[in-house]
Amino acid sequence: MKTAAVIVQNTVRLLGLALIVLGFMFWTRTAYTLIPIHMRLGETLVALLWILAIFGILAKAPAGLIAAAILWGVVVIAFGMNMGGLLPGRAHEVIRVAHFLFGLGAIGLSESLGARIKRAAGRSPSA
């Protein structure tokens, strides 16, 4: 399970970097045609967060961390899919910043879960 967690965690890191780069391209008002790709990559990142949550269950990670990862994924997906209609005009910048922070939170949760899973796998006699 440790190897799988490392692969998933590194994939989250790469996706996170791609999503941040795309997000800043949108902020500079370029590459709007790539928004559907950004959305699919974000959905993939959340799915990987949920996979890490499943690994966390198997590794007996703290239940609160697992629940936070699952719920945070739901919030990220819901917010991302609906952010276009929130606070139109100049006030929409607040929504963009919130979206960026929600995404960083998902990446951070995946890092926390990954670390717990790897620690648990290191203590396991089957590791």
Next item on the list: Could you run the Karplus curve 6.51 cos²θ - 1.76 cosθ + 1.60 with θ = phi - 60° over the range 84-89 and give me ³J(HN,Hα) per residue in whole Hz, x for Gly and Pro?
Entry: x, x, 8, 6, x, x
Checklist line | In range of the label at residue 111: residues from the range 17-44 whose backbone nitrogen is under 15 Å from the point 7 Å along Cα→Cβ | finding: 17-18, 20
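If Lys and Arg each add +1 and Asp and Glu each add -1, what is the summed charge of the other residues whose beta carbon sits under 15 Å from the beta carbon of residue 3? Write down the numbers at each step before the final one.
Numbers: positive: 2, 118, 119; negative: none.
It works out to a net charge of +3.
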Note to self: Computed from the coordinates I sent, mean projected area of the Cα convex hull in nm² equals one of (i) 10.8; (ii) 7.4; (iii) 6.6. Tell me the label.
What the structure shows: (ii)
Next item on the list: Hey, can you find the accessible area per residue of the range 44-127 for me, probe 1.4 Å, expressed in square angstrom?
Entry: 55
Checklist line | ³J(HN,Hα) computed for each position of the range 106-115 - Karplus, 6.51 cos²θ - 1.76 cosθ + 1.60, integer Hz, glycine/proline x | finding: 5, 5, x, 5, 5, 5, 4, 4, x, 5
Item checked: Carbon/sulfur fraction of accessible area - the chain, other protein chains in place, 1.4 Å, % -> 74
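Dipole magnitude of the chain about its Cα centre, charges +1 at Lys/Arg Cβ and -1 at Asp/Glu Cβ only, in debye to the nearest 20?
Details: 11 positive and 3 negative charges, 72 e Å.
Approximately 340 debye in magnitude.
The values are calculated or read from the model by the stated rules, or taken from the named source; none is laboratory data. As the structure is a prediction and not an experimental result, all values here were calculated from the model. Cβ sites come from the backbone with ideal geometry, for glycine too, and all protein chains shown count toward neighbours. The area values use the complete protein model at the heavy-atom level, side chains included, leaving out ligands, DNA and RNA. Shrake-Rupley method; radii C 1.70, N 1.55, O 1.52, S 1.80 Å.
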